[in-house]
Amino acid sequence: SGFTTGYTQTGTQTITIQNNSEAGTGTCTAEFMPACEYSVGQTWTYNYTGGQQTFNLPCTAEYTIEVYGAQGASQSSVSGGLGGSASGDFSSSKGTALYLYVGGQNGYNGGGSTSGTQYNGGGATDVRYGGTGTGNRILVAAGGGGTIAEPVYHTHSSSCYATCRITTTGCWGGGTKNDNMISCPCYVTHSSCGRGQYQSTHTHPDDGQSHVNGDQISYHQYLTCGKSTSTIERYNYYEGYGTSSSNGTLYQGSAGGGGGYYGGNARYAGTNYVNGSYLSNGSNSYGVNSGNGRVVIRLKSLPK
């Protein structure tokens, strides 16, 4: 008599053992060890490592699991899109393995790579149960979209041009000359002048008149900036998005897109996922986490 059982029984109890074959009674003391060494509210946090991590359930109990996706890459003081979050309650027996993949801001775990003007998207953070393949994911928080760098090409403003004023006086004895500026590299060849011809390294407009007698003045504009309109002078940087935009590809974001259950399009986050077959009280949101991802597991309740 006096023996009390139950999951929450701890410490010691005194019980009475009745020996029915002989008169008298005897007592003994039994020590009861707790069924779980952790109390409700105990929390485990797993941060980014660049590889798989494993959480073995320490108790038969119900756990709340929260996952946070990584932020997309930032550039030139412009921020990448914030990662998403997802959560749910998971119940299983002691020793059950959960495989954790914590997304990195460098794109680890599904973030789209840097390509052209797109900087890499953030990696998703997910929990896998029953195996380590992407098909075993039961909880996924999307990574945010990477920043975008939009090139600004050179345009020829007025400062890019200089104008030569070319005077030809009969061409006899002197040919052509430049009387506008010493540095002006323009010379004109007139076949009708007979002598004093100079082969120009520039293409000059033909005014259609013969230069035999009298002065003829012409003008030629040429580039001095040494740039073409295909020259990139700078970049305009734009923030990545924490908003989801699925590209329809499991796991992998497109160039610059965040990872997720489905990857995101360029500059956008991927998608979150909560598997209702394994998780209860599921919830998710987008654009909430900066930096690398993380997994937080909390002991919610012990069986009665």
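The values are calculated or read from the model by the stated rules, or taken from the named source; none is laboratory data. Please read all numbers here as calculations on a predicted model, not as lab measurements. No Cβ is skipped: glycine too gets one built from the backbone with ideal geometry, and neighbour counts run over all protein chains shown. Surface areas here come from the heavy atoms of the whole protein model, side chains and all, with no ligands, DNA or RNA. Shrake-Rupley method; radii C 1.70, N 1.55, O 1.52, S 1.80 Å.
Given the peptides 240-253, 263-276, 87-100, arrange them by the average over their residues of other C-beta atoms within 10 Å, most packed first.
Most protected by this proxy first, the peptides run 263-276, 240-253, 87-100.
Summarising the label geometry, the points placed 7 Å from Cα in the beta-carbon direction at Thr132 and Leu250 lie 1.8 nm from one another. Spin-label model, Glu37/Ser301: points 7 Å from Cα along the beta carbon direction are separated by 2.6 nm.
With a ≥ b ≥ c the root eigenvalues of the C-alpha gyration tensor of segment 44-155, is it rounded (a/c under 1.5), prolate (a/b larger than b/c) or oblate? Cα axes put segment 44-155 in the prolate bin.
With all protein chains in place and a 1.4 Å probe, the accessible surface of segment 55-171 carries 44 percent carbon and sulfur.
How would segment 247-294 be classified by its alpha-carbon gyration tensor: rounded, prolate or oblate, with rounded meaning a/c under 1.5 and the a/b versus b/c comparison settling the rest? It comes out oblate by the Cα gyration axes. Stretching the chain fully between Glu233 and Thr155 yields a gain of 27.1 nm (0.36 nm per residue, less the alpha carbon separation).
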